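Below: one structure, written as structure tokens.
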Amino acid sequence: MDKILRIDMGAAGGPSMKEEPVGAYAGLGGRAMTSAIVSKEVPPLCHPLGAENKLVFAPGLLSGSAAVISGRLSVGCKSPLTGTIKEANSGGQAAIAISRYGYAAIVLEGKPATNDLYVIHFGKDGVKIKSDKSLKMLPNYDLVDKMKAAYGEKIACISIGPAGEMRMGAASIAVTDMETRPSRHAGRGGVGAVMGSKGVKAIVLDMTDLKMRQPKDVEKFREANKKFTEGLKSHPVTGQALPAYGTNVLTNILNEAGGYPTKNFSGGVFDGSAKISGETIADLETKRGGLATHGCHTGCVIQCSGTYVDKNGKFVSKQPEYETVWAHGGHCGISDPDVIAKLDFMDDNYGLDTIEMGVTIGVAMEAGIIKFGDAEGAIRLVDEVGKGTPLGRILGSGAEVTGKAFGVERVPVVKGQAMPAYDPRAVQGIGVTYATSTMGADHTAGYAVATNILKVGGFVDPLKPDGQIELSRNLQIATAAVDSTGMCLFIAFAVLDQPETFQALIDMLNAFYGLSLTADDVAALGKQVLSMERDFNARAGFTAKHDRLPRYFLNEKLAPHNVIFDVKDSDLDQVFNW
Amino acid sequence: MGPISVKVKLFASLRTGRFEERDMELAPGTSVRALVHALGIPGQEVTLILVNRRHRDWDHVLAHGETCALFPPVGGG
């Protein structure tokens, strides 16, 4: 992982490639790499869909090694949804493949003058780029079938569906999983639209005969990896709850805590929650012959995913995440798991962020386009997005645009990005993260739910403003560091509670690279990443006034706790003063 | 004083071999700790206690009409 591949999609005479040493970006991986390249090389005032924007794919520091659960891929650019810097993060096999081809980053630059659509193929004979107009508007699953037929079964695919080609704000980038299904997504911020603007339909990586990356100190690395694995297996969240029920185990707890945003954030308790809970869906999957425990990439030891099948045992989608079940479920007043799984598949197939799309449908329901609870209507609307009808084009642009188009006041977005599945009035720490994150409303940027609701890493009362700034700050710093390693963010549940597991992670990095990092160095890396991102956003025109929640969260009380978001603006401005 | 009535909800692995939801008659003054003990659930299996949708600790004394939700360690995101 000592080189960077740059592909100029706008070069005269067709795309051209340039391989260069990692140079000034040495020692960076994942989000640190994507944010360093974007903040240094992309003009902050550029149009996100223009030639000046760059789309960066970076595996984490440990991706492609024997380190468990290290296959996360970072995708960075200036976001067409938020106008900020963006790092969207995905599981799947691609990070492993890219790192084993030796690349610390693949950077797509420029913009084709024609409307050609390209496939970039990595194989034994090097990297080849070819135009293939027959792929136009193909959904992700159909596309991957074609790629398998053309390049063999053992491939990893990074691709966009019709939404990306139409350059929609809700467009994701799909990454294939261990079954070569395009079920993993760099979902947020419209990264798929940027890939579409570069004219790239798919990046296909042949995975035959790829060699595992080797650590500098094999023995120490093996020992640290073993301790790290034991830490994940012995923690009850990463060792038991996530494998058994997946992330959707959160439906019941958020609902019981009164922080489950229902019908476009109009209440904190959903009466249909039991029908779509993690317990119910895991049970359904097992009874129907699906899978309730499954990993998204080779080396995952948490296995929070699964396979959702219909009543005849036929594949419907991967097990939908909590945020997906919420966005297409409770947020829209829908409580049929079969409908939610179908919508999950449609989003994956058209190449859409399930959070942005679900929240947008809820906003459309508030606007009266369809009624809350209208499952068939929701399916029809997502279909319109995939087909690119005029209404579909508006919805595919995300919640903010949809709210504006239909005159809706209550639009749950920060910096243009839809809020995920936790009401910031009843989970105030996550409200701080939504408001201040460099990414727009993003739960993963500093998952205060862990400490507010789940009592992981201590406990800070979710209903009060006290302690939330410090909590969100520390989590945002830690997350920026974890996102740079290639590790799945869910390791945090074990790392926050078990110092020896955190130490094992540091030992693994040190043994792999021959370094002597300390915990302080890891925190410093997190701060460095956030500083680069904040600097880009400031140069793009973002100020403290953008680090705010929509006003209705400050004015309208949320039942049943009858609370508003109560963290002061002046305190929000202190999150990045460390 | 007669017994009080409390709705008890169990989630995730705590349901195994037990129940999802039950209205229980308890002696006045019963704490969450005593309730969990009476249900035969090992204390270390319960990490989250929500009574009427608020986080409470083991010593919380249950009142008539309250809903007590018990969770094992859970996470996601």
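The values are calculated or read from the model by the stated rules, or taken from the named source; none is laboratory data. All figures in this text were calculated on a predicted structure; none of them were measured in a lab. Heads up, the Cβs are rebuilt from the backbone with ideal geometry, glycines too, and the neighbour counts pull from every protein chain shown.
If you take the residues of the range A:275-297 that are charged (D, E, K, R) and in contact with a strand residue (DSSP E or B) (Cβ under 6 Å, 6 or more places away or on another chain), which of them is surrounded by the most Cβ atoms within 10 Å (Cβ to Cβ)? Among those that are charged (D, E, K, R) and in contact with a strand residue (DSSP E or B) (Cβ under 6 Å, 6 or more places away or on another chain), it is A:285. Of the residues screened, residue B:1 is not one that is assigned to a strand (DSSP E or B), away from every other protein chain (no Cβ under 14 Å) and not charged (D, E, K, R). Among the residues here, residue A:169 qualifies as in a loop (DSSP other than H, G, I, E, B), in contact (Cβ under 8 Å) with a residue 24 or more places away in the chain, closer than 28 Å to residue A:395 by Cα and not hydrophobic (A, V, I, L, M, F, W, C). In this structure, residue A:65 does satisfy being under 25 Å from residue A:222 (Cα atoms), in contact with a Lys or Arg (Cβ under 6 Å, 6 or more places away or on another chain) and outside any strand (DSSP E or B). Exactly one residue out of B:46, B:8 is within 13 Å of chain A (Cβ to nearest Cβ), out of contact with any Ser or Thr (no Cβ under 6 Å at 6 or more places or on another chain), touching a residue at least 60 places away in the same chain (Cβ under 8 Å) and among the aliphatic types (A, V, I, L, M), and it is B:8. Of the strands (runs of 3 or more DSSP E) that lie entirely inside the range A:70-137, those containing 2 or more residues that are outside the structural domain of residue A:484 (by TED's automatic domain parsing), over 16 Å from residue A:54 (Cα atoms) and among the basic types (Lys, Arg) span A:126-131. Regarding the range A:105-122, can at least one residue be identified that is without any contact (Cβ under 8 Å) to a residue 40 or more places away in the chain and of a type in the set (Gly, Ala, Ser)? No, the conditions are met nowhere in the range A:105-122. Residues in the range A:146-166 that are farther than 18 Å from residue A:345 by Cα and either β-branched (Val, Ile, Thr) or outside the structural domain of residue A:118 (by TED's automatic domain parsing) (or both): A:155 only.
Looking at the range A:456-485, which of its residues are aliphatic (A, V, I, L, M) and either within 12 Å of chain B (Cβ to nearest Cβ) or surrounded by fewer than 20 Cβ atoms within 10 Å (Cβ to Cβ) (or both)? Once the filter is applied, which keeps residues that are aliphatic (A, V, I, L, M) and either within 12 Å of chain B (Cβ to nearest Cβ) or surrounded by fewer than 20 Cβ atoms within 10 Å (Cβ to Cβ) (or both), the range A:456-485 yields A:456, A:460, A:463, A:475.
Of the residues making up the range B:52-77, those that are under 10 Å from the mean Cα position of the chain (by Cα), buried (at least 20 other Cβ atoms within 10 Å of the Cβ) and either more than 9 Å from every other protein chain (Cβ to nearest Cβ) or not hydrophobic (A, V, I, L, M, F, W, C) (or both) are B:62, B:68, B:70. Count of the range A:26-38 residues, restricted to those that are in contact with a Ser or Thr (Cβ under 9 Å, 6 or more places away or on another chain) and within 18 Å of residue A:80 (Cβ to Cβ), is 2.
Against the test of being within 20 Å of residue A:54 (Cα to Cα) and either of a type outside the set (D, E, K, R) or buried (at least 17 other Cβ atoms within 10 Å of the Cβ) (or both), the options A:173, A:155 yield a single qualifying residue, A:173.
May I ask you to verify whether residue A:16 is crowded, with 22+ Cβ neighbours inside 10 Å, among the polar types (S, T, N, Q) and either touching a Lys or Arg at 6+ places or on another chain (Cβ under 6 Å) or at pLDDT 95 or above (or both)? Write out each step before concluding.
Values: crowded, with 22+ Cβ neighbours inside 10 Å: no; among the polar types (S, T, N, Q): yes; either touching a Lys or Arg at 6+ places or on another chain (Cβ under 6 Å) or at pLDDT 95 or above (or both): yes.
For residue A:16, the condition - crowded, with 22+ Cβ neighbours inside 10 Å, among the polar types (S, T, N, Q) and either touching a Lys or Arg at 6+ places or on another chain (Cβ under 6 Å) or at pLDDT 95 or above (or both) - is not met.
Mind checking whether some residue in the range A:160-174 is among the acidic types (Asp, Glu) and in contact with a strand residue (DSSP E or B) (Cβ under 8 Å, 6 or more places away or on another chain)? Within the range A:160-174 (the criterion being among the acidic types (Asp, Glu) and in contact with a strand residue (DSSP E or B) (Cβ under 8 Å, 6 or more places away or on another chain)), the answer is yes, since at least one residue qualifies. From the list A:399, A:405, exactly one residue is touching a helix residue (DSSP H, G or I) at 6+ places or on another chain (Cβ under 6 Å), under 22 Å from residue A:187 (Cα atoms) and aliphatic (A, V, I, L, M). Which is it? Exactly one residue qualifies, and that residue is A:399. Within this structure, residue B:39 fails the test of being within 14 Å of chain A (Cβ to nearest Cβ) and within 11 Å of the chain's Cα centre (by Cα). For residue A:282, state whether it is within 14 Å of chain B (Cβ to nearest Cβ), touching a residue at least 24 places away in the same chain (Cβ under 8 Å) and of a type outside the set (Lys, Arg). So residue A:282 passes the test. Considering the range A:538-576, the residues that are assigned to a loop (DSSP other than H, G, I, E, B) and within 14 Å of chain B (Cβ to nearest Cβ) include one that is surrounded by the most Cβ atoms within 10 Å (Cβ to Cβ), namely A:561. Exactly one residue out of A:184, A:213 is touching a Cys at 6+ places or on another chain (Cβ under 7 Å) and away from chain B (no Cβ under 14 Å), and it is A:184.
Quick grid of which residues meet (1) facing another protein chain (nearest Cβ under 10 Å); (2) touching a strand residue (DSSP E or B) at 6+ places or on another chain (Cβ under 8 Å); (3) surrounded by fewer than 24 Cβ atoms within 10 Å (Cβ to Cβ):
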site: A:217; (1), (2), (3): no, no, yes
site: A:221; (1), (2), (3): no, no, yes
site: A:229; (1), (2), (3): no, no, yes
site: A:232; (1), (2), (3): no, no, no
site: A:240; (1), (2), (3): yes, no, yes
site: A:245; (1), (2), (3): yes, yes, no
site: A:248; (1), (2), (3): yes, no, no
site: A:253; (1), (2), (3): yes, yes, no
site: A:257; (1), (2), (3): yes, yes, no
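Scanning the range A:61-110 for residues that are closer than 18 Å to residue A:47 by Cα and of a type in the set (A, V, I, L, M, F, W, C) yields A:75, A:77, A:81, A:85, A:107, A:108.
Is it true that residue A:489 is within 20 Å of the chain's Cα centre (by Cα) and surrounded by fewer than 24 Cβ atoms within 10 Å (Cβ to Cβ)? Yes.
Assessment of the range A:53-60 against the conditions (of a type in the set (Lys, Arg), part of a loop (DSSP other than H, G, I, E, B) and touching a strand residue (DSSP E or B) at 6+ places or on another chain (Cβ under 6 Å)) yields at least one matching residue.
In the range A:511-537, the residues that are surrounded by fewer than 20 Cβ atoms within 10 Å (Cβ to Cβ) reach residues that are of a type in the set (Lys, Arg) and outside any helix (DSSP H, G or I) with C-beta atoms within less than 7 angstrom, at least six apart or across chains, in these pairs: A:513/A:216; A:514/A:216.
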